[in-house]
Amino acid sequence: MLNREFVLSFREAAPYINAFRGKTFVLAVSGEAVMEGGFSKLSQDINLLVSLGVRVVLVHGIRPQIEALLKRFGIARMFHSDRRVTDANTMDIVKQAAGATRYEIEAQLSMGMHNSPMHGAHLRVAGGNFITAQPLGVLDGVDMQYTGQVRRIDTEAIRTRLEAGELVLLSPVGFSLTGEAFNLTMEEMAAQLASALKAEKLIFVIEGRGVVNPEGEFVSTLTAQQAENLLKAGHLQRDVTAYLPYAVKATRDGIPRAHLVSHHEDGSLLSELFTSGGTGTMIARDALVKVRTATIDDIGSILNIVRPLEEKGILVRRSREHLEMDIARYSVLEHDGKIYGCVAMHPFPEAGMAELACLAVSSEKREHGFGESLLHHVEYKARTQGLKALFVLTTQTAHWFIERGFAEADRATLPMAKQAFYNHQRRSKIFVKPL
Ligand code: ARG
């Protein structure tokens with residue numbers, strides 16, 4: 001039986017598949033995600049990403065693994081301002097934790113049974129001394145010993161691996177020029193890798209679904225600024241507080257998008273990447289919604305949006321030719337590169353007014369405030385042209401305009417040129433908004 005939903009989802013994914021091919025994603029997986037056995041499903045999805053031509057750098061955490069080993073060996077944990085103080089004994093534990101976790105991940109990524117999605121994928125995993133580290137040093141009089149920070153990233157070597165189609169797997173351990181190993185934090189390393197490699201995305205696979213604001217609402221998309229404000233206000237989940245600052249930093253460094261996705265929800269990585277709404281939280285460098293002047297190339301999209309409304313009589317029918325001639329007066333609203341709305345503005349400078357026309361939003365994106373964005377855009381445009389009022393002729397959507405500051409007016413308020421063309425059959429009502 002034909003599965004309609006599958007077909008639609010696959011089509012929704014297509015532009016993302018094309019956009020991601022050949023791009024570098026830094027994927028940071030918390031130690032918890034590996035420990036709790038959640039990695040086996042995730043490894044299949046990572047495999048799928050690589051097979052679609054995404055260049056994956058995978059960084060894993062080892063915090064809970066270190067904790068478990070310290071406990072087993074009866075070694076006390078030491079912290080100074082949220083960073084572990086790594087003495088020689090602890091560093092031994094760090095190496096054990098990193099080694100064991102890394103092998104666990106490599107094993108999962110190598111799975112290829114006939115009945116698994118990874119059958120035939122033959123993913124190759126690369127690793128090595130790509131991260132040069134240096135000691136963090138003495139902080140407030142506390143010698144951090146083998147706790148280190150990233151000093152240099154061998155991007156050349158990593159790129160060569162990625163170009164060969166291999167996945168690069170990195171543990172949070174770096175090596176110094178003196179031949180010692182240092183304990184690094186996974187999130188810091190991942191953010192630095194993303195910047196150094198000019199990655200397309202930095203993705204944190206964490207405990208929760210993503211950001212839940214203090215009002216208890218899940219937040220799907222944030223700008224870097226909004227994320228910073230939320231962090232400042234506090235009251236976020238523990239894992240979000242730990243990872244969100246690095247996601248913000250990465251977008252500030254020029255990474256277009258950083259994401260937080262849950263390792264508890266099977267498939268959350270795929271649905272975050274290959275649907276337009278995602279399932280996690282995305283921190284975007286650029287605003288996702290853009291209103292801009294339309295061009296000839298937008299005519300197909302505009303027609304798709306307005307035709308259904310014309311058929312219902314909500315909008316007056318416009319021919320393609322008419323649109324082509326008038327295209328400079330149209331603006332379109334884009335969300336993530338796809339057009340979901342349009343509006344036209346016809347100025348009547350002699351009357352100090354402009355007509356707002358053809359305001360339409362495609363049915364799948366109603367209630368996103370896109371209509372408002374288009375209205376604001378036209379108001380702004382009219383103001384910058386020194387116009388004093390907007391008017392709109394409508395038969396069925398009067399209320400929408402009244403709620404947004406328009407008031408009914410009679411025909412005499414219209415510019416003369418417009419009065420001459422008033423359609424007596426349509427008998428539209430006239431609404432005016434002073435600017
Ligand atoms: N799939 C797109 C991407 O990976 C959009 C994801 C949107 N996600 C979100 N949480 N709002 O870039």
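Where a number appears in this text, it was derived from the coordinates with a stated rule and is not lab data. All figures in this text were calculated on a predicted structure; none of them were measured in a lab. Heads up, the Cβs are rebuilt from the backbone with ideal geometry, glycines too, and the neighbour counts pull from every protein chain shown.
Suppose we keep just the alpha-carbon trace of the chain; what are its Rg and Dmax in angstrom?
Rg and Dmax of the chain, Cα atoms, are 27.7, 91 Å.
Tell me, what does the Kirkwood hydrodynamic radius of the range 171-316 come to in angstroms if you use every pair of distinct C-alpha atoms?
When all Cα pairs of the range 171-316 are included, the Kirkwood radius is 17.7 Å.
Could you state the number of Å between the C-alpha centres of the range 195-240 and the range 359-411?
34 Å
Exceeding 20 Å between C-alpha atoms, which entries from my cross-link table qualify? They are LYS338/LYS365; LYS365/LYS418; LYS41/LYS365; LYS23/LYS198; LYS365/LYS433.
LYS365/LYS418; LYS41/LYS365; LYS365/LYS433
Kirkwood hydrodynamic radius for the range 64-119: how many Å is it when counted over pairs of different Cα atoms?
13.2 Å
How many nm separate the modelled label positions at ARG124 and LYS232, each set 7 Å beyond the Cα in the direction of the Cβ?
Reported label-point gap for ARG124 and LYS232 is 4.9 nm.
Using alpha carbon centroids, what distance separates the range 258-292 and the range 312-350, in Å?
30 Å
Hand me the trypsin sites (Lys or Arg not before Pro) from the range 324-369 located in a DSSP loop with no more than 13 other Cβ atoms within 10 Å, in residue order please.
ARG366
With axes computed from alpha carbons, what is the tilt in degrees of helix 238-252 against the longest principal axis of the chain, rounded to the nearest 10 within 0 to 90?
On a 0 to 90 degree scale, this one is about 70.
Under the Kirkwood approximation applied to all pairs of distinct alpha-carbon atoms, what is the hydrodynamic radius of the range 149-253 in Å?
15.5 Å
Bin all alpha-carbon pair distances of the range 1-104 at 10 Å intervals from 0 and give each bin's fraction as a whole percent.
Reading upward from the zero bin: 13, 32, 25, 17, 10, 4, 0.
Note the direction-averaged projected area, equal to a quarter of the hull surface, for the Cα convex hull of the range 90-167, in nm².
Across all orientations, the range 90-167 yields a mean hull projection of 6.9 nm².
Picking from VAL26, ASN183, GLY386, whose Cα lies most toward the positive end of the charge dipole for the chain (charges on Cβ: Lys, Arg +1; Asp, Glu -1)?
GLY386
Working from the alpha-carbon coordinates of the range 288-435, get Rg over Rh, Rh being the Kirkwood radius.
0.93
Can you work out ³J(HN,Hα) from phi for every residue in the range 60-71, in order, using Karplus 6.51 cos²θ - 1.76 cosθ + 1.60 and θ = phi - 60°, giving whole Hz and x for Gly and Pro?
10, x, 9, 4, x, 5, 5, 4, 5, 5, 4, 5
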